[in-house]
Amino acid sequence: MAILGTLLKKGIMLRESLEQLYTSPLDLQKQELRNLLIHCQNTKFGKAYSFDKILSSFKRRNDQFYQSFKQEVPIFDYDKLYEEWWHMAKEGKKDVCWPGKIRYFALSSGTSGASSKYIPITREMVKSIRKTSMRQILTMSKYDLPASLFSKGILMLGGSTDLKKSGHYFEGDLSGITAAQIPFWFQHFYKPGKKIAKTKDWNDKLEEIVKSAPEWDIGIIVGVPAWLQILMEKIIEKYNVKTIHDIWPNLQIFVHGGVSFEPYRRGFERLLSRPLHYMETYLASEGFIAFQAYPNQKSMRLVLNNGIFYEFVPFTVTNFDEDGKIKEGAETLKIDEVEEGKEYALLITTNAGAWRYLIGDVIKFTSVEENEIVITGRTKLFMSLCGEHLSLDNMNKAIELVEEEMKIDIREFTLLGERADSLFAHHWYIGTDDPVDENQLKDRIDHYLKELNDDYRVERTSALKEVRISVLASNTFYEWMESQGKVGSQNKFPRVLKKEKAQLWKNFLTDQNTQAS
């Protein structure tokens, strides 16, 4: 890692980074798809969907390869792909969607569905994740960082590496699967270390990290903002210090992903004595999709040449129904057909056996030339009771603006749709430990959403009759997650709750109120 620091100062780049820099996005993506099809043409999936026929179309001009791919292979969401194909790999059958047997399945947090999802993980995918991780590390040459930083510890707050053996395969969080296979040269810098990383109980793991914290010289922290904030608060309280820099004076970088950081920023920075460099990643259970390539830039660079082929579905009422499900015959585009400023749901084909898979995220290109994107929401995590079309991006931005104006720290929030007589209402549940006037908070959220979203502003004069708000202790949200078995690592509180999950949340709050009285 000390050698890496020297390389960073010289601006060294990996071959893959140079390749993406000097090759057209379409050429890179065409090559990725061809390689994936060749690799899997003899699998059960490849034979069922005529991969040999698709491959023959790559010889033709223009976009015949893509038209053939779309014609032969249908779009899959998780339920369809699992029920028709992945369940066979989970049962131990080989050559299903990827050559050989699948030895690892990542348990996704399942924010959109009712339960965890089993996502296949292959050796090729783990190798791709490592390559993209190194590409992101090497972008640190653009930051004003001392070479000595790369002799410091890297705290990665992830799932247990003591994976559960279930018949033919191992299961666990993606972070636990990848941490269990870290390269030998990295093990000296990796914290919390092998022993603590195996701890299965999340709260026990946090306590062990707190106990060991003063012994480590941490320079970089990696994880989901909510859980890292909780960890740092525990360390500060345990050792009776003012900030985390009193324990880790060399802490300079926070690598985060999985959820927008902006709603957490205000509370997070209260725990620091000086600013950190923030680096965002788009590492999903299905693959490492994008990373922040430049300092002080909120967009991320789509990785076009490391085992994933992307398609883009315009996120419109033409292509998706009111529940966020993709419609039959939805329009799909390849990388050279997208436009800046428009929202797209992401389809991915990967080196772990996902084919035309609707991952559930909605993205927007901020630069087509540089392949820079931002995540604006989820296909199912939006609110549109009566045409207000409120996106996750709208919600995060409104909360960020309210925090700044009212000087409060909103740790968590979620939104439910409700009836208001014959019309509709939005019910916000806000998690903060700061004193706040509920009416003022409600008015300011409503105000900023009207500024951010024209459809919302129009509907507030008609069908969206009311905005309701309930302010709760931030710990209430984490207690509910624990009650749902969703505590720790990659788990995030859903920003929108609908149907069964909304009722579970309301029942939980009712039970809490009953116990309190």
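Here are the numbers for this structure:
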quantity: Criterion (closer than 30 Å to GLU171 by Cβ and open to solvent by 40 Å² or more (accessible area, probe 1.4 Å)) met by exactly one of ASP27, ASP52, ASP79; calculated: ASP79
quantity: Meets criteria (within 19 Å of PHE254 (Cβ to Cβ) and open to solvent by 50 Å² or more (accessible area, probe 1.4 Å)) for SER141; calculated: no
quantity: Total residues in the range 128-147, condition part of a loop (DSSP other than H, G, I, E, B) and within 22 Å of THR349 (Cβ to Cβ); calculated: 0
quantity: Segments classed as strands (runs of 3 or more DSSP E), wholly inside the range 360-457, with at least 2 members that are of a type in the set (D, E, K, R); calculated: 372-378, 410-420
quantity: Selection status of ARG378, open to solvent by 10 Å² or more (accessible area, probe 1.4 Å), more than 28 Å from VAL487 (Cα to Cα) and at pLDDT below 95; calculated: no
quantity: Pair list, Cβ < 7 Å and 6+ apart or interchain, from the range 465-487 residues that are without any contact (Cβ under 8 Å) to a residue 40 or more places away in the chain to residues that are in a helix (DSSP H, G or I); calculated: TRP480/TRP505; TRP480/PHE508; SER483/PHE508
quantity: Qualifying position, being under 21 Å from ASN296 (Cβ atoms) and at pLDDT 85 or above, among ARG123, ARG130, ARG135; calculated: ARG135
quantity: Test set (1) surrounded by fewer than 20 Cβ atoms within 10 Å (Cβ to Cβ); (2) modelled with pLDDT of 95 or more - GLY387 fails condition number; calculated: (2)
quantity: Residue list for the range 458-470, restricted to those being outside any loop (DSSP other than H, G, I, E, B), touching a helix residue (DSSP H, G or I) at 6+ places or on another chain (Cβ under 9 Å) and buried (at least 16 other Cβ atoms within 10 Å of the Cβ); calculated: LEU464, VAL467, ILE469
quantity: Residue ID - surrounded by the fewest Cβ atoms within 10 Å (Cβ to Cβ), chosen from residues in the range 200-217 that are closer than 18 Å to GLY153 by Cβ and out of contact with any Gly (no Cβ under 9 Å at 6 or more places or on another chain); calculated: GLU215
quantity: Only listed residue being in a helix (DSSP H, G or I) and within 30 Å of GLN484 (Cβ to Cβ), chosen from TYR82, TYR66; calculated: TYR82
quantity: Positions within the range 321-340 being out of contact with any helix residue (DSSP H, G or I) (no Cβ under 8 Å at 6 or more places or on another chain), in contact (Cβ under 8 Å) with a residue 12 or more places away in the chain and open to solvent by 10 Å² or more (accessible area, probe 1.4 Å), in sequence order; calculated: GLU322, ASP323, LYS325, ILE326, ALA330, GLU331, LEU333, GLU337, VAL338, GLU339, GLU340
quantity: Members of the range 34-49 found to be small (Gly, Ala, Ser) and surrounded by fewer than 16 Cβ atoms within 10 Å (Cβ to Cβ), listed by number; calculated: ALA48
quantity: ILE359 being buried (at least 22 other Cβ atoms within 10 Å of the Cβ) and either under 30 Å from GLU84 (Cα atoms) or at pLDDT below 95 (or both); calculated: yes
quantity: Candidate set from the range 471-504 (those that are under 21 Å from LYS397 (Cβ atoms) and not charged (D, E, K, R)); member that is most open to solvent (accessible area, probe 1.4 Å); calculated: VAL471
quantity: Among (1) open to solvent by 10 Å² or more (accessible area, probe 1.4 Å); (2) in contact (Cβ under 8 Å) with a residue 12 or more places away in the chain; (3) in a helix (DSSP H, G or I); (4) not aromatic (Phe, Trp, Tyr), the one test that LYS101 misses; calculated: (3)
quantity: Single residue of the range 252-282 satisfying the filter (part of a loop (DSSP other than H, G, I, E, B) and in contact with an Asp or Glu (Cβ under 9 Å, 6 or more places away or on another chain)) that is nearest to LYS407 (Cα to Cα); calculated: ARG270
quantity: From VAL222, VAL210, residue being among the aliphatic types (A, V, I, L, M) and not in a helix (DSSP H, G or I); calculated: VAL222
quantity: Looking only at the range 218-275, and only at residues there that are of a type in the set (S, T, N, Q), open to solvent by 20 Å² or more (accessible area, probe 1.4 Å) and within 30 Å of LEU392 (Cα to Cα), the one that is nearest to the chain's Cα centre (by Cα); calculated: SER260
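Yes/no per residue for (1) charged (D, E, K, R); (2) in contact (Cβ under 8 Å) with a residue 60 or more places away in the chain; (3) in contact with a Phe, Trp or Tyr (Cβ under 8 Å, 6 or more places away or on another chain):
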position	(1), (2), (3)
LEU381	no, yes, no
HIS389	no, yes, yes
ASN396	no, yes, no
LYS407	yes, no, no
GLN440	no, no, no
LYS450	yes, no, yes
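The values are calculated or read from the model by the stated rules, or taken from the named source; none is laboratory data. Source: prediction; values computed, not measured. Positions of Cβ are generated from backbone atoms using ideal geometry, with glycine treated the same way; all protein chains shown enter the neighbour counts. Heads up: the accessible areas ignore ligands, DNA and RNA and are worked out on the full protein's heavy atoms, side chains in. Shrake-Rupley method; radii C 1.70, N 1.55, O 1.52, S 1.80 Å.
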